[in-house]
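Engineer: Submitted below is the structure of interest, expressed as structure tokens.
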Amino acid sequence: MKKIELSGIPKTGLPLYEMQTLATLAGPTGGVSMSYITLLPGRRVPTEGFSCHDADEYSFFISGSVYTEAGDFKDECKAGDGTLIPLGEKHWCENRTDEPCMIVCALVKRGE
């Protein structure tokens, strides 16, 4: 086991969000990247349009909430919710509150 200390991991993504990559593993059948993300109040990711990934995105909401549009889904995700955004699905989210939203996210690349 390897213990991961958030205090020692650099933050990227500012000023929209803070992302700390907890672990990345690549292999012959795919790979996974796990991150701790804080979406700051009043911020939208991306700032315009949509984003999409070359991996499935699994997220678990630790605290706070965000409004999200992904595929046919258009609703709020809040603490205790989990989501799956399939590979290639266009999506965006916005923190419409005055509190940060904390999320643990895993991007899982599919094997060939």
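The values are calculated or read from the model by the stated rules, or taken from the named source; none is laboratory data. Since the model is a prediction, treat every value here as computed from it, not as a measurement. Cβ: placed from backbone, ideal geometry, glycine included. Neighbour counts: every protein chain shown.
Engineer: What is the one condition in (1) closer than 20 Å to residue 41 by Cα; (2) charged (D, E, K, R); (3) without any contact (Cβ under 8 Å) to a residue 12 or more places away in the chain that residue 72 does not satisfy?
Structural biologist: (1)
Engineer: Which of (1) in contact (Cβ under 8 Å) with a residue 60 or more places away in the chain; (2) out of contact with any Leu (no Cβ under 8 Å at 6 or more places or on another chain) is the odd one out, the single condition residue 87 does not satisfy?
Structural biologist: So the condition that residue 87 fails would be (1).
For (1) surrounded by 15 or more Cβ atoms within 10 Å (Cβ to Cβ); (2) of a type in the set (D, E, K, R); (3) farther than 23 Å from residue 79 by Cβ, each residue gets a yes or a no:
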residue	(1), (2), (3)
4	no, no, no
7	no, no, no
10	no, no, yes
17	yes, no, no
25	no, no, yes
36	yes, no, no
49	no, no, yes
60	yes, no, no
64	yes, no, no
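Engineer: While we're on this one: Do you know which of the residues in region 14-38 that are outside any strand (DSSP E or B) and either in contact with an Asp or Glu (Cβ under 8 Å, 6 or more places away or on another chain) or free of Cβ contacts under 8 Å to residues at least 12 places away in the same chain (or both) is farthest from residue 91 (Cα to Cα)?
Structural biologist: By that ranking, first place goes to 29.
Engineer: If we scan region 24-37, do we find a residue that is over 21 Å from residue 110 (Cα atoms), touching a Pro at 6+ places or on another chain (Cβ under 6 Å) and modelled with pLDDT of 95 or more?
Structural biologist: No, every residue in region 24-37 fails to be over 21 Å from residue 110 (Cα atoms), touching a Pro at 6+ places or on another chain (Cβ under 6 Å) and modelled with pLDDT of 95 or more.
Engineer: In addition: Does residue 87 qualify as being in contact with a strand residue (DSSP E or B) (Cβ under 9 Å, 6 or more places away or on another chain), among the aliphatic types (A, V, I, L, M) and surrounded by 12 or more Cβ atoms within 10 Å (Cβ to Cβ)?
Structural biologist: For residue 87, the condition - in contact with a strand residue (DSSP E or B) (Cβ under 9 Å, 6 or more places away or on another chain), among the aliphatic types (A, V, I, L, M) and surrounded by 12 or more Cβ atoms within 10 Å (Cβ to Cβ) - is met.
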